[in-house]
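Report on one structure; see the data block that follows.
The values are calculated or read from the model by the stated rules, or taken from the named source; none is laboratory data. Bear in mind that the values here come from a model prediction, so they are computed numbers and not experimental data. Here the Cβ positions follow ideal geometry from the backbone for every residue, glycine too, while neighbour counts run over all protein chains shown. We work out accessible area using only protein heavy atoms, side chains counted, and drop any ligands, DNA or RNA first. Shrake-Rupley method; radii C 1.70, N 1.55, O 1.52, S 1.80 Å.
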Amino acid sequence: MVRNFRSAAGVALASLVYAAVAVAAEAVPEAVAKVEMAPPPDVPLPTQFVTNHAGQFNGKELTYQVVAGETYLRDTQGEPKAAVFAFTYLVDDTTASQRPVTFVWNGGPGSASTWLHMGAFGPKRIVVPTDAQHPGPPPYQIEAAPETILDVTDLVYVDPVGTGFSRALGAHEPKEFWGLPEDPQSIAEFIRAWLTEHKRWNSPRFILGESYGTTRAAAVADILEDDMSISLNGVVFVSQALDYQGSTPYARDNLISSVTYLPTLAATAWYHERVTVKEQTLEAFLDAARAFAVDNYLPLLFKGSTRSDADYASVRERLAYFTGISETYLDQVNLRLRGDRFAKELLRDQGLAVGRLDSRYVQDDIDDVATATEGDAAGTAIGPAYKAAFMTYLLNDLGVDWTRPYLSPADPNLSDQWDWNPTKDAGWEPRYVNTAHDLAKAMRRNPRLELFVASGYYDLVTPFFDAEYTLNRHEIDSSRVQFEYYPGGHMMYVHEPSRTRLLKDTRRFIRRLLGP
């Protein structure tokens, strides 16, 4: 769940609570090389695990190396302050110094790079039912993912401090890296250090984030472009979360989220056959929902008690048409249909609640009269499968036999100690998180920087209409933004046709920006 206020910083995006990491292709790795690099005084040795692999990607036979290891971030005195652990995939290439590299992370805040690594872009993937059914208990199927984009770019999966194996060092405290400005600063510093460590300063560069990872990516892009003179070729958002007003349905008096959520509620009602519609396709139905949300629903909410009875009745009827929610319930909530409560209300008559990460999933809650769901149907279903698959891959394929615990979920203190105050002013008043302005600045500074936005129709955490609303109103050149939509949820790649199309779309985006 996206949390927007300082007081709510204790809860992370539900999409990114579980851990997993994917890697290697079809070949069993060669002997693992555990490399211990020269230690600074009073700081543990940085550790790397190096394995070699081979596989076929997009029809190309490739050999590649995986470096699973630490990179030190240093303070102003040059002493290590944090060890950021990443999984680096380097394809054997005679022109490696100019080969594209994509830095990938999940969100939370407080998530390791599990989901994108194991579910979408890694050379191996966890297989879960594509039709939103519960995958059941182990063993789970892990298989090669030849559709991934390793043929066009090297990949670096980054675990922020307090997640995975990444830790603060020496006298530095983890909470120094846990905040709205501190977090992207540390990731930007990691990218700069990685480019030096791997001699890749002239490589084309992309960053790819999911959920809160897009919040981070927008700020990282600004820091790289402005503060560090490191230009990017492109940015990829999976389930964007830049301006949290549009993804916060549980804040009282937030009219914007009522509007931005409506098309996702409509998609969910369509999927569960709770609506009888005139439109022949889901896309046409959602276009009608968008138009209703902006042209009719928002103006009525804005008018409040000055609205006419006729306008109220007309909007209530259409709201019921799009959402499958009874007019009686809509009267009870004064037409303010909250996305989080919708997850409980839509199938209440069946004793079921729909998932928020992916509203195709359902679960049978114990309390059928509660207003909120008991956890999340999607996360509860697939989280253990991703965790099991990642740990299996980490140990068996990458040979990471470390005794250090892999934090996924994150350090238990991270949520409570996360600082959402962007200015550190004593008189700061809570407000919605918004890094869209950072992205706008980065794109102004770099006139060739482009953005690819992937959204799931059934995502009740970061609704797809919010992505449109956000990116169309923050002085961002719309000609440099590409939107794509998938019949899945927050992690749309759980739906197999969406996974393969997401990879094709991302590959096409990267190739287009690289030119002939």
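Expressed as a whole percent, the accessible area of the chain that falls on carbon and sulfur atoms is 50 (1.4 Å probe). Extending 7 Å from the Cα toward the beta-carbon at both residue 328 and residue 61 defines two label points whose distance is 6.8 nm. Of the labelled options [x] 102, 57, 56; [y] 82, 50, 45; [z] 74, 51, 49, which one gives Cα extents along the principal axes in Å as computed for this structure? Label [z] holds the value from this structure.
Between the beta carbons of residue 441 and residue 291, assuming R0 = 22 Å, the FRET efficiency works out to 0.10 to the nearest 0.05. The dipole here belongs to the chain: it is taken about the Cα centre, uses +1 on the Cβ of Lys and Arg and -1 on the Cβ of Asp and Glu, and is about 820 debye.
Our estimate of slack between residue 79 and residue 197, defined as 0.36 nm per intervening residue step minus the Cα-Cα distance, is 40.8 nm.
Label-to-label distance, residue 93 versus residue 302, with points set 7 angstrom from Cα along the beta-carbon direction: 4.9 nm. Extending 7 Å from Cα along the Cβ direction at residue 496 and again at residue 255 yields two label points whose distance is 4.7 nm.
On full extension, the segment bounded by residue 371 and residue 144 gains 77.5 nm, given 0.36 nm per residue less the C-alpha separation. Rounded to 0.05, the FRET efficiency of the residue 313 and residue 475 pair, given R0 = 35 Å and the Cβ-Cβ distance, is 0.35. 3J(HN,Hα) couplings calculated from phi for region 394-405 with the Karplus curve 6.51 cos²θ - 1.76 cosθ + 1.60 (θ = phi - 60°) are, in sequence order, 4, 7, 8, 8, 9, x, 7, 9, 5, 7, 5, x Hz; Gly and Pro show x. Hey, how many Å between the Cα centroid of region 334-392 and the Cα centroid of region 167-198? Spelled out, the Cα-based centre of one part sits 34 Å from the other. With the charge dipole of region 79-159 set up from +1 on Lys and Arg Cβ and -1 on Asp and Glu Cβ about the Cα centre, the Cα lying farthest toward the positive end among the listed residues 91, 150, 127 is that of 127. If the segment from residue 52 to residue 185 were pulled out straight at 0.36 nm per residue, it would be longer than the present Cα-Cα gap by 44.7 nm.
For the chain, the solvent-accessible area works out to 38 Å² per residue, with a probe of 1.4 Å and every protein chain left in place.
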